[in-house]
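Asker: Handing you a structure now.
Please treat every number below as a calculation from the coordinates, not as lab data. All of these numbers come straight from a predicted model, not from anything done at the bench. A quick note on method: Cβ atoms are made from the backbone with ideal geometry, for glycine too, and the neighbour counts reach across all protein chains shown.
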Amino acid sequence: MFEPLLEAVRREADGERTLADVREIARFHRIQSSPGYDAAAAWLEDAIRRAGLVPERIDVPGDGVTRCLGFPMPEGWRCAHAHATLHSVAGREDVASYADAPLSIVQRSGSARGRWPVVVADDLAALETLDVRGKVVLTTANAQRMHEAAVVRRGAAGLACDGRRLMPPVRMAEHDRDSLPYISFWWLGDQSRGWGVVVSPARGADWRARIAMGEELELEADFSCERYPGSIPLVTTTVPGTVPGELLVTAHLCHPRPGANDNASGAAAALETARVLHALVRSGVLPEWRRTVRFLWMPEFTGTYAWQAQASRSTRDIVAAINLDMVGESQSACGSTFLLEQAPHFLGSFADELLSRVRTAAQDWVQDFSGAGHYSLARLADVPYSGGSDHALWIDPAFGVPCPMLIQWPDRYYHTDLDSPDRCDPGSLALAVRAAATYAGFVAAAGENEVRWLLQLVGRGARRRMLAALDRPQARRAAEAERERGLRAIGTVARLAFGSPSEEGVGAAVAEQLPLAIEELEGFWESEVVPAIANLPFMPTVVPGRVPVRDLAALLPPMRWLAAGWPALDEARRARLLDIEGQMPGGSTVLDLAWFACDGVRGVHEIAERLALGG
């Protein structure tokens, strides 16, 4: 059904042009609420105009005080200069230079000038027996927590940070030991600011070894950084439609220089998707009867919270969305797989099934030796929800917008200064654009025939997953989860009838066919699945338990210390909450899922049961 559109998209999409845009965006140091981010947004507005579209810029507060749906908008920050030097018996050694290597300092650092001894404290417990007053603390711990514990409460001068996230086997401790990790402070209101340098794992290990041998190291810093109440530009444009409803394509523009795969690649792919759909409208491939396709570029999380919070803009007419985050990888260089991240089973939607089929068809196929078959050189997978990007805010039931994410993951160079355009691949970018543009164009132009086909597609996918669940551990639980996913996915097809009368066109097709699709799926469950699980253990009856109610109509801030109630907690309770999250299997993903399942009706035991059913 979407194949003719895909072929038209394939002719228009240009991976090399998209890679050129990645290179342009990667020139900017795109820290949220900073001059570099503003410059990148201005470049993007010009690029949208050159593509023949009309950009719109919405400025939201960037003052460190305003909260949008509970998330604080980061305060403006600029760095005039920052330089650090190590002094030792061997002489002077340049350590950090913001001008040459922006990631060599902790982002959002404050001003500092002086020279201090260096001591090692790799966790908060080490501070209990270590005098850090007037010293620079070398640490692998979280910079924000170490700042609060060492600088604010114990009088340390500043931090030297070399912690980075390992992702075995793609990124191990021995990999890229001269790289600089991306480390940032996130400040609230008028809380005490601090500063820090960032050193590579190799340099950090060298300092530790020298200090352990008794050598005295001193760090001299000269930082001139300014905080200011600013504004944050959100950039949007549309390929206008003629009927109600919008399809949203979103990609975050922020992250430090170079930040090529994360996320110049997603921002550039969204721009190319806009170019492609605009060209298909001009050529008549996309009909005049279609929904609007909106494109949104913003700072990750921050900008999405701000967009959703705007009273003047309704998100209720967004039929579906797609999030493009890190879609440009050279898989051979970065160790990544092109993933489609789906919604949790209790938030299933048609979008996951549709995009999965589109992405599979959008690949570059290679013939096998016999010439009778074909395969792709790209690694692909469909994976459960794990969060960590803007799609999480859209699928949150407070908004309930079907929004799968396309992402290349894991990435060996993630959040380091080695995330450069030479590790992007035009083939990966073109594949992402083909998938996004075909998905967006199909949903935008979906009429009654497409609705009927989509209901059949979603039903077939649900039946396939229910049967596959019978081979999984705890087969009864798994099958129940896939049944719920399928029923909810069929129900979301009704979103395509937004603004359409129920007695004609899409509205009539939904009203007629959706109940039949549900009946067919339930019939399959009774005839094919129930007999297969008849002899399996029954799931225990769940006592509802206390019913929690959400105070916020949005996802909790992913950085927990930015939540509205965090400053009121004492350190012991903060540590306990973070430790619980850190030790919980699935970590923050599990807490996201629990938050999504908290609907004011389910009790805590029912929510736990939802999580036990799996993603």
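Asker: GluC sites (Glu not before Pro), restricted to region 502-611: which are DSSP loop and have at most 12 other Cβ atoms within 10 Å? Could the numbers behind the result be given before it?
Answerer: Values: sites: Glu503, Glu504, Glu512, Glu519, Glu520, Glu522, Glu526, Glu528, Glu571, Glu581, Glu606, Glu609; in loops: Glu503, Glu504.
Passing sites in region 502-611 are Glu503, Glu504.
Asker: Please compute the net charge surrounding Ile322, taking Lys and Arg as +1 and Asp and Glu as -1 over other residues with Cβ under 13 Å from its Cβ.
Answerer: On the way: positive: Arg294, Arg359, Arg434; negative: Glu246, Asp325, Glu341, Asp352, Asp390.
For residues surrounding Ile322, the net value is -2.
Asker: Now a separate question. Considering only C-alpha atoms, what is the centroid distance from region 60-93 to region 243-315, in Å?
Answerer: Between the Cα centres of region 60-93 and region 243-315 lies a distance of 29 Å.
Asker: Helix-only mean residue ellipticity at 222 nm, the chain, DSSP H runs n ≥ 4 weighted -39,500 (n - 2.57), per residue, nearest 500. What is it?
Answerer: Roughly -11000 deg cm²/dmol at 222 nm, from the helical runs in the chain.
Asker: Does the chain come out rounded, prolate or oblate, given a ≥ b ≥ c as the square roots of the eigenvalues of its C-alpha gyration tensor, rounded meaning a/c under 1.5 and, failing that, prolate meaning a/b above b/c?
Answerer: Values: a/c = 1.87, a/b = 1.52, b/c = 1.23.
Prolate shape, in that a/c is at least 1.5 and a/b is the bigger ratio.
Asker: A further question follows. Angle, helix 350-361 long axis vs. longest principal axis of the chain, Cα atoms, 0 to 90°, nearest 10?
Answerer: 90 degrees
Asker: Follow-up. State whether region 464-570 is rounded, prolate or oblate according to the following rule on the C-alpha gyration tensor (a ≥ b ≥ c being the square roots of its eigenvalues): a/c under 1.5 gives rounded; otherwise a/b larger than b/c gives prolate, and the remaining case gives oblate. List each step's numbers first, then the result.
Answerer: Numbers: a/c = 2.87, a/b = 1.22, b/c = 2.35.
Here region 464-570 falls in the oblate category.
Asker: Could you work out the local net charge near Leu5, counting Lys and Arg as +1, Asp and Glu as -1, over the other residues with Cβ closer than 13 Å to its Cβ?
Answerer: Numbers: positive: Arg10, Arg11, Arg290, Arg357, Arg434; negative: Glu3, Glu7, Glu12, Glu450.
Neighbourhood net charge equals +1.
Asker: In degrees from 0 to 90, rounded to the nearest 10, what is the angle of the helix 448-469 Cα long axis to the longest principal axis of the chain?
Answerer: Result, in degrees: 70.
Asker: Can you list the trypsin sites (Lys or Arg not before Pro) in region 100-176 that are in a DSSP coil and have 14 or fewer other beta carbons within 10 angstrom?
Answerer: Values: sites: Arg108, Arg113, Arg115, Arg133, Lys135, Arg145, Arg153, Arg154, Arg164, Arg165, Arg171; in loops: Arg108, Arg133, Lys135, Arg153, Arg154, Arg164, Arg165.
Answer in residue order: Arg133, Arg153, Arg165.
Asker: Hey, another quick one. Can you pull out the chymotrypsin sites (Phe, Trp or Tyr not before Pro) in region 228-316 whose DSSP state is coil and whose Cβ has at most 15 other Cβ atoms within 10 Å? List each step's numbers first, then the result.
Answerer: Values: sites: Trp289, Phe295, Trp297, Phe301, Tyr305, Trp307; in loops: Trp289, Phe301.
Listed in order of number, the matching sites are Trp289.
Asker: Also: Just want to confirm a number: the relative contact order over the chain, from Cα pairs under 8 angstrom separated by 6+ residues, in percent.
Answerer: Details: 1278 pairs, mean separation 102.6, N = 615.
Relative contact order here is 17 percent.
Asker: Show me, for region 516-532, the HN-Hα J-couplings you get by feeding each phi into the Karplus relation (A = 6.51, B = -1.76, C = 1.60, θ = phi - 60°), rounded to Hz, glycine and proline as x.
Answerer: Karplus-based 3J(HN,Hα) across region 516-532 equals 5, 5, 5, 4, 5, 5, 5, x, 5, 4, 5, 8, 10, 8, 4, x, 6 Hz.
Asker: In the chain, what percentage of the DSSP-assigned beta bridges are antiparallel, given to the nearest 5? List each step's numbers first, then the result.
Answerer: Numbers: 50 of 79 bridges.
Counting only bridges with both partners in the chain, antiparallel ones make up about 65 percent.
Asker: Can you list residues from other chains, or at least 5 along the same chain, whose modelled amide H is less than 5 Å from the amide H of Ser376?
Answerer: Residues meeting the criterion, in which the H sits 1.01 Å from N, are Val366.
Asker: Can you tell me the 0 to 90 degree angle between the C-alpha axis of helix 265-283 and the longest principal axis of the chain, rounded to 10?
Answerer: 30 degrees
Asker: HN-Hα J couplings of region 223-233 from phi, Karplus 6.51/-1.76/1.60, θ = phi - 60°, integer Hz, Gly and Pro as x?
Answerer: Per residue, the Karplus-derived 3J(HN,Hα) values read 10, 10, 10, 10, 9, 7, x, x, 9, 10, x Hz.
Asker: I would also like to ask the following. Provide the net charge surrounding His29, with neighbours chosen by a C-beta distance below 14 Å and charges set as Lys +1, Arg +1, Asp -1, Glu -1. Each step should come with its number before you reach the end.
Answerer: Numbers: positive: Arg27, Arg30, Arg78, Arg108, Arg257; negative: Glu24, Asp38, Asp100, Asp262, Asp417, Asp419.
Combined, the nearby Lys, Arg, Asp and Glu give -1.
Asker: Mind running the shape call on region 419-526? Use the C-alpha gyration tensor, a ≥ b ≥ c as the square roots of the eigenvalues: rounded below 1.5 for a/c, prolate if a/b tops b/c, oblate otherwise. Intermediate values should be presented prior to the final figure.
Answerer: Details: a/c = 3.19, a/b = 1.16, b/c = 2.74.
Oblate, because a/c is 1.5 or more while a/b does not exceed b/c.
Asker: Please turn the phi angles of region 70-77 into ³J(HN,Hα) values with the Karplus equation 6.51 cos²θ - 1.76 cosθ + 1.60 (θ = phi - 60°), one per residue in order, whole Hz, x for glycine and proline.
Answerer: x, 9, x, 7, x, 5, x, 9
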